[in-house]
Each structure stands twice: as structure tokens, then as C-alpha cells.
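The values are calculated or read from the model by the stated rules, or taken from the named source; none is laboratory data. Everything numeric here is computed off the predicted structure, so don't read it as measured data. Virtual Cβ from ideal backbone geometry, glycine too; neighbours counted across all protein chains shown.
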Amino acid sequence: MSKKNNIQELIHLDKKHFIHPTSSIAQQQANGPSAIFTEGKGIYLKDIQGHSYIDGMSSLWNVNVGHGRKELAEAAKEQMEKLAFSSCFSTFSHEPAIRLATKIASLAPRELNAVFFTSGGSEANDTAFKLARHYWLLKGKPNRQKIISRTKSYHGVAMGATSATGLKPFRDFTNSLAPDFYYVDGSSIEELRNVIEQEGAETLAAFITEPIQGAGGVNFAPPGYMQEVRRICDQYGILLITDEVITGFGRTGTFFGIEHDGVIPDMMCFAKGVTSGYAQLGGVVLSETLHQELISLSRETLFHGYTYSGHPMACAVALKNIEIIETEKLVENAKLRGVDLLSGFQEIQSKRNIIGHVRALGLIGAIQIVKNRQTGERFQTPVAPLIVAEAMKQGLICRAVTFDQDTVVFAPPLIITKQEIAELIGRLDKAVAAVE
Ligand code: PLP
């Protein structure tokens with residue numbers, strides 16, 4: 001089959017048989033896939049037509065060590081040849097899960113010490129909610145079942161994770177969500193306190209927050225917010241869960257995002273960067289206090305576990321991935337290149353009138369699109385998707401966020417060099433210029 005016919009066939013089969021996650025299925029039916037990727041190397045992805053792109057999103061905020069890392073493929077192969085799968089249910093165990101749990105405990109903020117593995121971020125958050133509710137049952141406080149989260153938050157698509165997600169379209173997708181979820185304005189401590197007072201602390205299990213909101217538009221909490229949240233949770237006896245699915249494993253220039261705030265949660269969820277997307281893995285790290293309390297109160301089976309909790313190959317890949325992050329000093333690189341990314345955004349902002357607020361911390365950042373920079377007035381129809389489409393033509397992948405805003409977000413791989421940041425900024429500038 002000729003190359004052209006092969007592409008045509010793939011487009012046809014994609015439209016006919018493949019339901020894309022988080023997609024417009026009508027648009028997908030009409031247009032087919034916009035790119036069929038075939039290979040990746042470093043910060044670059046290549047599609048089936050041979051076009052090359054800077055992966056300005058690390059794909060889904062996850063390919064932290066970049067594409068095409070042979071060491072990770074070898075770690076997967078070696079583990080699969082030795083022990084492809086064995087269960088971790090009940091008393092069974094294996095070395096990759098034990099070593100990875102130990103490694104993550106050593107990297108996590110002090111106090112966080114015991115790990116429950118899942119296959120991804122949604123399952124990690126569902127696990128944290130269930131453990132929080134189970135903990136309160138064991139403590140003889142069965143009414144403590146409510147979970148509070150923040151508007152514009154994204155916590156995934158499992159039933160509990162969707163229920164906690166503050167971005168309303170995800171919840172509106174179905175009207176059969178988990179009960180007892182409440183939302184507070186993402187920057188208002190006052191509102192958090194009000195909800196606690198209204199609902200009654202004795203009905204609340206946990207509060208969940210991303211250290212920096214990712215899918216909601218790379219939104220930073222006001223200074224001091226996290227410390228105040230920790231104080232309030234302590235005051236009312238509510239467990240604090242941080243969702244580090246995007247911010248973990250170096251993304252923000254520290255190993256975990258919450259380190260910027262110096263706050264220690266009771267549970268911390270992770271996924272994505274733990275394997276840089278080379279295998280499916282997530283999990284929850286519990287504080288030593290919570291872990292010990294669960295041990296002392298628990299009298300029967302912990303009725304919660306996924307077949308792939310602690311998958312040997314995924315754990316082996318995660319261990320090698322963390323070794324790469326450490327030996328190549330990628331956390332430090334994220335911090336340094338984040339400064340370059342922000343100054344690149346500022347440079348574009350100084351030339352282009354439609355760029356409003358720009359922000360970045362480490363290698364997670366965003367530019368706001370405005371009609372009038374002085375007043376902050378927005379375009380009636382969001383312009384960010386046009387910039388993203390134009391960036392694609394320039395060979396740059398980035399993402400538009402249009403929930404309640406008009407923003408383009410970025411999260412390039414942590415291996416990116418100073419020169420590659422300049423290349424990213426150059427392509428972005430051309431895209432903005434073409435749309436302006
Ligand atoms: N939490 C956050 C902050 C996320 O960004 C995501 C995914 O983007 C999730 C949870 C869900 O993770 P997964 O898609 O692996 O289930």
C-alpha cells in the first residue's frame with residue numbers, strides 16, 4: 001500500500017472504530033484525526049506525514065523526561081521478561097512495587113510515607129476519597145463523608161474524581177455523580193470557611209486541591225492560600241488531599257508542587273510524571289500518622305484495590321524514570337528553563353496587544369488572550385483555539401483553555417534546553433502574530 005493510501009485508510013478506520021477520549025465526537029466524525037503521531041525524540045513529536053512539532057504540552061502534561069528514552073523501554077522489557085505480572089492483593093508482593101513505594105516515600109514531603117498504587121490519576125483521587133471516608137468510619141464518625149474541592153479544579157473522570165472536578169462541563173456530562181461533593185471559589189478562604197460552617201465540620205471528610213490548577217487554565221492560588229487551607233483543615237479536623245498528578249515529579253521546579261508552600265497534606269495523589277507516560281501508573285501517598293491510624297483501627301480487609309495496583313512493569317519504568325529525573329537534574333532544569341519560558345512570554349506580551357496576563361512556575365505556564373490589555377476585556381468568542389491551531393501549523397503543540405477564560409497553556413518536557421525554549425517562543429510568536 002502506498003503511504004498516501006495508508007494514511008487515508010487510517011483516517012477512515014479512526015473515524016469508524018475509535019472513540020477518542022475527551023473529544024468532540026461529531027467533529028471527529030466530520031474531520032478525522034488532525035495528526036497521527038508516529039514517533040518522538042526529546043521535545044519533538046513527528047506525525048505520519050513527516051511534520052515535526054515541539055511537544056509544548058509534554059503530550060498530556062506527563063512526558064517529563066521527553067520522548068524516545070531507550071532506558072525506559074529497556075527497563076520495561078527487562079521487567080516484562082522476568083515477571084510481567086503478579087498480584088499485590090492481600091499478602092502478595094514483588095520487588096519493583098516495594099522499591100518504588102520506598103523511593104516515593106523518600107522523595108515526598110516529610111510525614112508522607114506509605115504508598116497505595118493505582119493505574120492513573122483518576123483512580124488515585126478516587127482512592128484518596130475512599131480512604132478518607134473509610135478512615136472516618138473507622139474513627140466512629142460515619143457522618144464525615146463530604147468532600148470539598150475548588151472551582152476550576154480538574155481531578156479526573158472516574159465517578160469520584162469527576163464529582164470533585166470543579167470544571168462544570170465534566171460534571172454536567174452525566175447527572176449521576178457521587179453524592180456529597182461541594183465546591184468553593186479557588187481563591188477564597190472566606191468561602192471555604194463558610195461552606196465548612198454551613199455544612200458542619202462533623203459532616204466533612206476531606207478537602208482536595210491541586211497546588212497549581214492545570215487543566216483549569218494554569219491557575220495559581222493567592223500567596224498564603226495553601227498555608228491557610230492547612231490551618232483551617234487542622235482547625236476543623238478535615239483531611240487535606242493534594243492532587244499532584246500534574247505538579248509532581250519536577251514540573252514546577254521542585255519535586256512536588258506543594259513544596260513551594262511548605263505545607264504537608266494528609267494524602268498526596270500522583271500519576272503522569274511518575275513514569276513520564278511510558279507506563280500507566282498513579283497512586284496516593286499517606287502521611288505516617290494516617291497510615292498508622294488506619295493500621296491500628298482496621299479490623300478487616302481493605303476492600304479497595306485495582307488489578308494493576310503496583311503493576312511490576314509500570315513500577316520498574318517509574319524507578320528508572322525517577323533515576324533519570326535525578327541524575328539529569330531535571331527538577332533544577334525545570335526551575336531554570338521556567339524563568340526563560342516566562343521571559344519569553346513577556347517578550348511576546350510586549351509586542352502583541354492581545355496577550356494579557358502571562359504566568360509560569362517551572363515548566364508549567366499560560367498566556368491570557370485579551371481584546372484590551374488595559375481593561376482586561378475578552379473577545380466575545382475565545383481566540384486561544386485559533387492560536388493553538390496556528391501554532392500547530394508552525395510546528396508547536398499547545399492547548400487552549402476556554403472554561404470561563406481565554407488562555408493558552410504550556411507544559412514542555414523537563415529536558416528542554418534554553419535554545420529549545422527560544423525555538424518554542426519563536427513559533428508561538430509567529431502563531432500569535434498570524435491571529436492578531
Ligand atoms: N488530576 C489532575 C490534576 C489531572 O490533571 C489529571 C489528568 O489530567 C487527573 C487528575 C486524572 O488523571 P488520569 O487522566 O491519569 O486519570
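Among SER87, SER52, SER59, SER106, which is the only one that is within 16 Å of the ligand (Cβ to nearest atom), out of contact with any His (no Cβ under 7 Å at 6 or more places or on another chain) and polar (S, T, N, Q)?
On the way: SER87 fails: within 16 Å of the ligand (Cβ to nearest atom); SER52 fails: within 16 Å of the ligand (Cβ to nearest atom); SER106 fails: within 16 Å of the ligand (Cβ to nearest atom).
Answer to the selection: SER59.
Can you confirm whether segment 381-394 contains a residue that is assigned to a loop (DSSP other than H, G, I, E, B) and either hydrophobic (A, V, I, L, M, F, W, C) or at pLDDT below 95 (or both)? Spell out the reasoning first.
So the first thing to find is which residues in segment 381-394 are assigned to a loop (DSSP other than H, G, I, E, B), and the list is 381-383, 394.
Right, trim to either hydrophobic (A, V, I, L, M, F, W, C) or at pLDDT below 95 (or both) and you get 383.
The answer is yes, given that some residue of segment 381-394 is assigned to a loop (DSSP other than H, G, I, E, B) and either hydrophobic (A, V, I, L, M, F, W, C) or at pLDDT below 95 (or both).
Only one of GLU390, GLU328, GLU323, GLU332 is farther than 21 Å from LYS103 by Cβ and among the charged types (D, E, K, R); which? Break it down stepwise before answering.
On the way: GLU328 fails: farther than 21 Å from LYS103 by Cβ; GLU323 fails: farther than 21 Å from LYS103 by Cβ; GLU332 fails: farther than 21 Å from LYS103 by Cβ.
From the options GLU390, GLU328, GLU323, GLU332, the qualifying one is GLU390.
Quick check: anything in segment 177-184 crowded, with 24+ Cβ neighbours inside 10 Å and in contact with a Lys or Arg (Cβ under 9 Å, 6 or more places away or on another chain)? Full working, then the answer.
Of the residues in segment 177-184, the ones crowded, with 24+ Cβ neighbours inside 10 Å are none.
No, the conditions are met nowhere in segment 177-184.
Could you grab me the full set of residues in segment 110-143 that are more than 15 Å from HIS291 (Cα to Cα), touching a residue at least 12 places away in the same chain (Cβ under 8 Å) and more than 16 Å from the ligand (Cβ to nearest atom)?
LYS141, ASN143
Can you name the condition, by its number, that PHE207 falls short on among (1) farther than 17 Å from LYS130 by Cβ; (2) not in a loop (DSSP other than H, G, I, E, B)?
(1)
Exactly one condition in (1) in contact with a Phe, Trp or Tyr (Cβ under 6 Å, 6 or more places away or on another chain); (2) among the charged types (D, E, K, R); (3) away from the ligand (no atom under 14 Å from the Cβ) is false for GLU190; which is it?
So the condition that GLU190 fails would be (1).
If you scan segment 218-254, which residues turn out to be on the phi > 0 side of the Ramachandran plot and within 12 Å of the ligand (Cβ to nearest atom)? First the steps, then the outcome.
From segment 218-254, those on the phi > 0 side of the Ramachandran plot are 218, 224, 237, 249-250, 253; that's our starting set.
Selection gives VAL218 alone.
Would you call THR118 closer than 30 Å to GLY262 by Cβ and polar (S, T, N, Q)?
Values: closer than 30 Å to GLY262 by Cβ: yes; polar (S, T, N, Q): yes.
Criteria met by THR118.
So if I check each of VAL263, VAL274, VAL245, VAL284, which one is hydrophobic (A, V, I, L, M, F, W, C), more than 27 Å from ALA366 (Cβ to Cβ) and in the same structural domain as SER187 (by TED's automatic domain parsing)? Talk me through it step by step, then tell me what you get.
Working: VAL263 fails: more than 27 Å from ALA366 (Cβ to Cβ); VAL274 fails: more than 27 Å from ALA366 (Cβ to Cβ); VAL245 fails: more than 27 Å from ALA366 (Cβ to Cβ).
Going through VAL263, VAL274, VAL245, VAL284 in turn, the sole match is VAL284.
Is it the case that segment 153-171 has a residue that's surrounded by fewer than 21 Cβ atoms within 10 Å (Cβ to Cβ), more than 14 Å from the ligand (Cβ to nearest atom) and under 16 Å from VAL229 (Cα atoms)?
no
The rows are residues; the columns are (1) among the β-branched types (Val, Ile, Thr); (2) not in a helix (DSSP H, G or I).
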residue	(1), (2)
VAL157	yes, yes
GLY160	no, no
THR174	yes, yes
PRO179	no, yes
GLU190	no, no
ASN194	no, no
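Would you call PRO211 modelled with pLDDT of 95 or more, in contact with a helix residue (DSSP H, G or I) (Cβ under 9 Å, 6 or more places away or on another chain) and more than 16 Å from the ligand (Cβ to nearest atom)? Steps first, please.
Details: modelled with pLDDT of 95 or more: yes; in contact with a helix residue (DSSP H, G or I) (Cβ under 9 Å, 6 or more places away or on another chain): yes; more than 16 Å from the ligand (Cβ to nearest atom): no.
Taking the combined requirement at face value, the residue does not satisfy it.
Every residue, every condition in (1) closer than 30 Å to ILE324 by Cα; (2) outside the structural domain of GLY156 (by TED's automatic domain parsing); (3) in contact (Cβ under 8 Å) with a residue 12 or more places away in the chain, yes or no:
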residue: ILE11; (1), (2), (3): no, yes, yes
residue: PHE18; (1), (2), (3): no, yes, no
residue: PRO21; (1), (2), (3): yes, yes, no
residue: GLN29; (1), (2), (3): no, yes, yes
residue: GLY50; (1), (2), (3): yes, yes, no
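Take the residues in segment 62-72 that are buried (at least 16 other Cβ atoms within 10 Å of the Cβ) and away from the ligand (no atom under 16 Å from the Cβ), then tell me which one is nearest to THR252 (Cα to Cα).
Quick first cut of segment 62-72, residues buried (at least 16 other Cβ atoms within 10 Å of the Cβ) only: 62-67, 69, 72.
Now drop any that are not away from the ligand (no atom under 16 Å from the Cβ), which leaves 65-67, 69, 72.
Working: VAL65: 14, GLY66: 16, HIS67: 19, ARG69: 22, LEU72: 23 Å.
Among those residues, the one meeting the criterion is VAL65.
(1) within 13 Å of the ligand (Cβ to nearest atom); (2) more than 14 Å from PHE116 (Cβ to Cβ): which one isn't true of ALA271, the others all being true?
The number of the failed condition is (2).
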